[in-house]
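Trainee: Handing you this structure, nothing more for now.
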Amino acid sequence: PPSIQAAIYQLVLDRKIGEYTMPKRWRIFCAGNRINDKGVVFRLPAPLSNRMVHLLLEAKLEDFKKWAIANGIHPTILGFLSFRPDLLSQEVPKNSETNPAFATPRSWTMLSLVLKQEPLIAKREHTIYGTVGFGAGIEFISFVKTYDQLPDIDGILSGEIDFVPDAPATLFACVSALVARFDGSSAMGENILAYSNKLPVEFGVMLVKDSVTKDESICELNAFENWMEKYGAYLI
């Protein structure tokens, strides 16, 4: 509220308030939503705004994926967002009377919990629209249909299958499914590295990079050293 903001002018600029002085090495960070995010926020008074360095944070897929893989976010969501990274976080809809839902890392995480309870998309279409909005929801449902075209994921991980899909959407789905099934074993790691060499470069690099995020033990394999010699430059 404005009255509280006025009270911290001295604290933000001079690191003290009244007789209290902030200890050395302490730092002041203020976090909040923008006015156009339509949250319950108050505009910063100019004198307080002038006492701060302003940084705008955006949700980025690579950052989200590291957390999502480690926390078991549903693989279909990771595959879809790799295919459509622009739908990770959307602006608040201008007209929210019909459906106020919109896509954010938070809402995709909520949808992941829903899909783990009921994986059949046909039974969850309305919930999908109600979680990430109509636009992102329609595209997500269409993307999930590509999973019918996937090669045998277990066969790839066992080294028995080396079929590579053609369609980009199916390749994204294939990579996310492989990472989700990867259990950290040496055998699976060897087969993931071998299969990555058969994929188009960008998908092979994505597969190995996400597998390392899932379980770093894959880096201990001899095959990984060979892979790095060939593709390491793409990771920089």
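Trainee: Return the distance in nm (one decimal) between the two label points of a simple spin-label model at ASN33 and ASP215, each offset 7 Å from Cα along Cα→Cβ.
Mentor: Modelled inter-label distance: 4.0 nm.
Trainee: While we're on this one: Just how much of HIS54 is accessible, in Å², when a 1.4 Å probe is used and the result is rounded to the nearest 10?
Mentor: The accessible area of HIS54 comes to roughly 110 Å².
Trainee: Turning to a different aspect of this structure: Show me the ranking of peptides 209-222, 35-48, 142-155 by mean Cβ neighbours inside 10 Å, starting with the highest.
Mentor: 209-222, 142-155, 35-48
Trainee: A further question on this structure: Where a Cα-Cα gap under 15 Å defines reach, which aspartates and glutamates qualify for LYS24, not counting those fewer than 8 residues away within the same chain?
Mentor: Hits, sequence-local ones excluded: ASP14.
Trainee: Specify which labelled value, from (i) 24.1, 78; (ii) 18.6, 57; (iii) 22.9, 73, agrees with Rg and Dmax of the Cα atoms in Å derived from the coordinates of the model shown.
Mentor: Of the listed options (i) 24.1, 78; (ii) 18.6, 57; (iii) 22.9, 73, (iii) comes from this structure.
Trainee: Contour minus end-to-end for ASP162 and MET52, with contour as 0.36 nm per residue of separation and end-to-end as the Cα-Cα distance?
Mentor: In short, 34.1 nm is gained.
Trainee: Got a sec? What order do GLU19, GLU229, GLU91 fall in by accessible area at 1.4 Å, biggest, i.e. largest, first?
Mentor: Details: GLU19 190, GLU229 155, GLU91 115 Å².
Accessible-area ranking of GLU19, GLU229, GLU91, largest first: GLU19, GLU229, GLU91.
Trainee: Just list whichever of LYS16/LYS94; LYS60/LYS230; LYS16/LYS66; LYS65/LYS198; LYS66/LYS198 have alpha carbons separated by over 30 Å in the model shown.
Mentor: Where the Cα-Cα span goes over 30 Å, the pairs concerned are LYS16/LYS94; LYS16/LYS66.
Trainee: Using a 7 Å offset from Cα along Cα-Cβ at VAL114, what residues in region 59-83 end up with backbone N under 19 Å from the label point?
Mentor: Answer for region 59-83: 72-82.
Trainee: Over the chain, with a Gaussian network built from C-alpha contacts below 10 Å, which listed residue (ARG181, ARG106, ARG25) shows the highest mean-square fluctuation?
Mentor: Result: ARG25 has the largest fluctuation of those listed.
Trainee: Output the 0 to 90 degree angle, nearest 10, between the alpha-carbon long axis of helix 168-181 and the longest principal axis computed from the alpha carbons of the chain.
Mentor: 90 degrees
Trainee: 7 Å from Cα along Cα→Cβ at both ILE141 and GLU125: what's the point-to-point distance in nm?
Mentor: Output for this residue pair reads 0.4 nm.
Trainee: I've got another one for you. How much accessible area per residue does the chain have, in Å², with a 1.4 Å probe?
Mentor: Values: 14530 Å² over 236 residues.
With all protein chains present, the chain gives 62 Å² per residue.
Trainee: With each run of n ≥ 4 DSSP H residues scored as -39500 (n - 2.57), what mean residue ellipticity at 222 nm is computed for the chain after dividing by its residue count and rounding to the nearest 500 deg cm²/dmol?
Mentor: Numbers: 13 runs with 121 residues, N = 236.
Theoretical 222 nm ellipticity from helices: -14500 deg cm²/dmol.
The values are calculated or read from the model by the stated rules, or taken from the named source; none is laboratory data. These figures come from a predicted structure and were not determined experimentally. When we count neighbours, we look across all protein chains shown, and the Cβ atoms used for this are built from the backbone with ideal geometry, even at glycine. Side chains included, ligands, DNA and RNA excluded: accessible areas come from the protein's heavy atoms. Shrake-Rupley method; radii C 1.70, N 1.55, O 1.52, S 1.80 Å.
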